[in-house]
1. If only one of GLY247, GLY213, GLY264 is buried (at least 23 other Cβ atoms within 10 Å of the Cβ) and out of contact with any helix residue (DSSP H, G or I) (no Cβ under 9 Å at 6 or more places or on another chain), which one is it?
2. For segment 368-379, check the following and say yes or no: at least one residue is touching a residue at least 24 places away in the same chain (Cβ under 8 Å) and in contact with a His (Cβ under 9 Å, 6 or more places away or on another chain).
3. Is there a residue being modelled with pLDDT of 95 or more, assigned to a strand (DSSP E or B) and either basic (Lys, Arg) or in contact with an Asp or Glu (Cβ under 9 Å, 6 or more places away or on another chain) (or both) anywhere in segment 224-245?
4. Does any residue of segment 153-169 turn out to be in a loop (DSSP other than H, G, I, E, B), within 26 Å of the chain's Cα centre (by Cα), under 22 Å from VAL297 (Cβ atoms) and among the charged types (D, E, K, R)?
5. Tell me whether segment 499-506 contains one or more residues that are assigned by TED's automatic domain parsing to the domain that holds ARG387 and either within 30 Å of LEU654 (Cα to Cα) or among the aromatic types (Phe, Trp, Tyr) (or both).
6. Select from segment 445-497 the residues that are aliphatic (A, V, I, L, M) and under 26 Å from the mean Cα position of the chain (by Cα) and write down the one among them that is farthest from THR559 (Cα to Cα).
7. Let me confirm something: among THR649, THR637, which residue is within 30 Å of GLN50 (Cα to Cα), surrounded by fewer than 17 Cβ atoms within 10 Å (Cβ to Cβ) and out of contact with any Lys or Arg (no Cβ under 6 Å at 6 or more places or on another chain)?
8. Being touching a Leu at 6+ places or on another chain (Cβ under 7 Å) and within 30 Å of GLY274 (Cβ to Cβ) narrows it down to one of MET99, MET26, so name that one.
Amino acid sequence: MMFAFTEDHLEAMFSLANFEIPTNEMIFFGLRGVSPVDPDGGFAASHMVQEKGVDFLHMRCTIGQWDAGNGIALYPGSTVPHLSGVTSRVANNGEGVNMLATCYLTDLPGSSDHRYAKGNHGISSPLGPHRAFRNAAKLPIWRTGDDSDYEGDDRLLYFQAFDNLHCGRRIDMNTPKFSSLGCQVVAGQPGGPVGNPGGEKGAWKSFIDVAYGLGQQRFRYALFNEGEATRTAALGVEARAPTVRFGSTGELAQHLQEGLEARGFDIGSTGADGIIGFQTLRAIRDVQLEAFGASEVDLVVGPMTAAAIGVPWPAPESAGSSFGGGVGRSSDGLGSIDDIDPDDENDDGDAVAAAPSAAAFEVETRREPRDNGRFRWVFDDPTDGTRRYLGSEARFTGFLGLARTRGFVAEAAPAYSHRDWQSEHGAWAALIEPTGEGESRNSFTCLNSYDRASFTFGFYQLAAHTPNDNLILLFRKLLAKDEAAVYFPDLTLSGGKVHMREGGVLTSLEGAQDRSDNANRDGEQGAFMEYLNGDMHGVDDAERRAASRLIHWACHSETHRRVQVEVAVELAKKKVARIAQKMEARETSLDGRAMPIVAMALDILHNGRGGRTTFAQIANALKSNNPMKALKKIGRTSTFADRIDRVATRARNLLGRGTFGALRYDKDTNNFV
């Protein structure tokens, strides 16, 4: 995802994180997983950046300089160590290589001075020293001794690691190599030491020349987790709750500390002083590890971590929004957000379930401007008067369409829960809930028409482009219901297949057909796609009509929702059976596996994360010592990291305990026993 990152965004991130913003000095900052598009952009109010996610091989982060009020400068670099250093030291319990935790390194009152100071890096290196920025203070760092990633059950240390800010020794950020065992690095080539400066190349030359050209000797550094910059730019500050982390100060920090003390956590001898130091940070880690699991510790406290502690927390300014974010605890941690403008309104009345009228369903949709300059489409529900969203206008990979991916709570739109359907579908009702969480936050009315699939709808997010699969299966079942005459009077079934009726002529919408605008790939269901979305480069009458009809139908008809669940369960059964068959051919088995493992494998196949080697990767994961951990790594990119973590959390919490925790998959019956 590419977007504009501005000085205002950065200032908002500091404010939300409760970081002090000095106005008379330059500040350094790191954006983990976000790279500047132009490595030589200089100081400006805005820069184009791209969210890539970290892979520990390439420099996929930003190291920035901020002169408050005078702009920001962004430089390609890395805020994580190189993979070669991590893997080579795992056997030694991770000694000698670190990953800096999210933090604000500053000179806190009564605490250590954590700032970077001008000085040489690599004093004892055979490559020789070069002028850089040294840090001799204790820093909050991760060390891993079990594998090559950093998770909440790895060692969190407060350690004098001498992790400096220096040159990465590679100019090209696309090269899968850079020099870091835990230091923050900027792309480029080093020059001489402080006593004999000069000779730097690449982005590092610009970075060092700017900072060393100032009389300032020490520099504060704020490191933000992956996804925070993207989320701030996409949602706006009003849709994000405040947070605290290492280096945060003030009343909210003190409020958190008091809550931790009340729960019996040791936050150090200074007590609730309003300064988040290491003792408080370690208590935060312990809370998140217990509440959310090792893979979901981000050391950032927001609404969900506060809830786990039992302390009230300020809501976003757009109170009532139901956006997700982070890896689930803070709305501000790892993960990414789609290239959309989420609906996060709070001005809707409560929906009241009611049957649709007998007349054919027609509503007037209208386009409304939003405060951020974008637009949304809405309609007034004729049944109960609720103002409902079709969605915000969203652009993605050259297409433009609707994104109804938020705002469900504000509308009181119906959500899927296995409890409502377990009597009909047994354990399968629970098995599909984690994927529903990943696809739609389990909203029956989630839809998008902004990507290549043309139109996707429902809590299981069924897409229109696939013949004999997904959304066409839902329409086959819906059109068999009496209510279909109200919502889609121009569609009918013929020979069990979906057809459009024009006068006395039936035209099939199924099978591989080309769209009239050729905006589909070979083998895709072009006629059905075009019926639902006539113009993939604009929000047209067809998609507004289809969206309003499906949303109203799902909101007011249990019959409709029952069909969505039936299709989701049928698809899940087919996919799980297919996985089981493929595993037998790869010398492993799904037979006897616990439900969380099966749910994770199902989500990989449903989401298409593994590509052509999906089954081989699942087989290798099942053969590993920790199948769930290995399954979470399949297809894990910045695009899917947040989804994977949410699905895994729901699978573990719902399916790994109680009655479901005792069930195992039986391949002979394709069921759980």
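1. One residue alone meets the criteria, GLY247.
2. Yes, there is a match, as at least one residue in segment 368-379 is touching a residue at least 24 places away in the same chain (Cβ under 8 Å) and in contact with a His (Cβ under 9 Å, 6 or more places away or on another chain).
3. yes
4. Checked segment 153-169: at least one residue is in a loop (DSSP other than H, G, I, E, B), within 26 Å of the chain's Cα centre (by Cα), under 22 Å from VAL297 (Cβ atoms) and among the charged types (D, E, K, R).
5. no
6. ALA453
7. It is THR637.
8. Exactly one residue qualifies, and that residue is MET26.
The values are calculated or read from the model by the stated rules, or taken from the named source; none is laboratory data. Fair warning: this is a prediction, and the values are worked out from it, not measured in the lab. When we count neighbours, we look across all protein chains shown, and the Cβ atoms used for this are built from the backbone with ideal geometry, even at glycine.
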